[in-house]
Every structure is written in C-alpha cells, then in structure tokens.
Amino acid sequence: MLSLFLKGGPIMWPLLATSLLAVTVVIERLVFMLRERRCRRPDVVETVLDHVEKGRTDEAIRCGRGNEDFVARTLAYALEHQGRSLSNAILRAASLELKRFHRGLPVLDTIITLAPLLGLLGTVTGMIRSFGLMGTEELGAPAAITGGIAEALIATAFGLGIAILALIPFNYLTARMEEARHEMQDAATHLELLLTGKKEPRT
C-alpha cells in the first residue's frame, strides 16, 4: 500500500493531508452525535411543556436551562427571552443549537469537492510527465512513460476514494442535523400552541 502511495507522485501528500483531515472531522462529529444521543431526555422536554401548560413558566425555565437535552435547552431559552417575540426567541435558540450540529460539515463538504480535483491534478501532471518523456531521448524507456500514466491513475483513484468515503458520513451527519431541527421545531410548535391557547380570551 505504501509503495502504491509513493508511486502516485507529489500530489499524494496533499491527498494524504486531506484524508487525515476528513478522518479527524468524521471521528469528532460521530463522537459528538453519540454524546448528544445519550444526552437526550424526552421526559425533561415533556416536563417543561407540562409546566408551561400549567402556567408555571419559571419552573419550566429552571427545568430546561442548562439541561443536557438540546431540545429542553431550546425551550428554556425561548421562554426566558420571549419578551418581544416568542417566534424570534425560538429561532435564536434553535440557531444556537444547530450551529453545534453544523460544525465540521463545511470541512467535509470542501473535502468531497477538493479530493477529486487534487486527483485530477495528479492525472494532469502525470500525463504531462509521460508525454514529456516521449519527445526526449528517454523514449526507449517505456517504464518511465508508463510510470507517469500509473501516477496519474493512482492519484485519481485516491482522490475519488477519499471523496466517496467522506460523502457517506457527510450525508449521515446532515441527516442527523435535520432530525435535530425537526425535533426542535416540533417541540417549539407545541410550546407556541400552549402559550397561544393561554392568551386566547375565554368566551
């Protein structure tokens, strides 16, 4: 494997750095997602909503503030900052939480695009080297020419491999972020319905 890597030419070192960065980001994000899943407390979210339904807003804020569950924290923040607009407070709280889920995704997105381009660059430089040898006295050394072509193919294969392997966790992490967004939206909608119902005049 190492000899194959070395045959890929100098472009392989940027590809190696790209792959190491991708692995680091993926591991960090998967650990983050696992930790967030373990910290989910649906019972706490229900308790917060129950306090709101019974008119105990202060209790709801105390219950959700600083909790490990990101949905409970979102509801507590929205309740605590609902002075001017509950909807804006919910959007602000959700944005703060989603920022944590979004961290690292732009890096993976860039790697998915960059790795094949680096591989293509290796292809171009390898082919330039091969065709350059064809016009020199080294034409009688076919190994040198085919070596340049091999360099091109190896770089392309590595670039595509990195992009493919990074695409799978990128899609998974994006799906988990959207799932978190839907969970917060569902709880926020429930909260708005409870508070709106309390403000409606009774006939």
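Expressed in nm to one decimal, what extension gain is obtained for the pair residue 17 and residue 87 from 0.36 nm per residue of sequence separation less their Cα-Cα distance?
Values: separation 70, 0.36 × 70 = 25.20 nm, distance 4.36 nm.
Residue separation times 0.36 nm, minus the Cα-Cα distance, leaves 20.8 nm.
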Handout entry: Karplus (6.51, -1.76, 1.60) ³J(HN,Hα), θ = phi - 60°, over the range 16-26, in Hz, Gly and Pro reported as x
Key = 5, 4, 5, 5, 5, 5, 4, 4, 4, 5, 4
Handout entry: Where labels lie 7 Å past Cα in the beta-carbon direction, separation of residue 185 and residue 39 in nm
Key = 2.3
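Laboratory data are not the source of any read-out in this text; all were calculated from the coordinates shown. Not measured: the values here are computed from a predicted model. Here the Cβ is made from the backbone with ideal geometry for all residues, glycine too, and neighbour counts use every protein chain on show.
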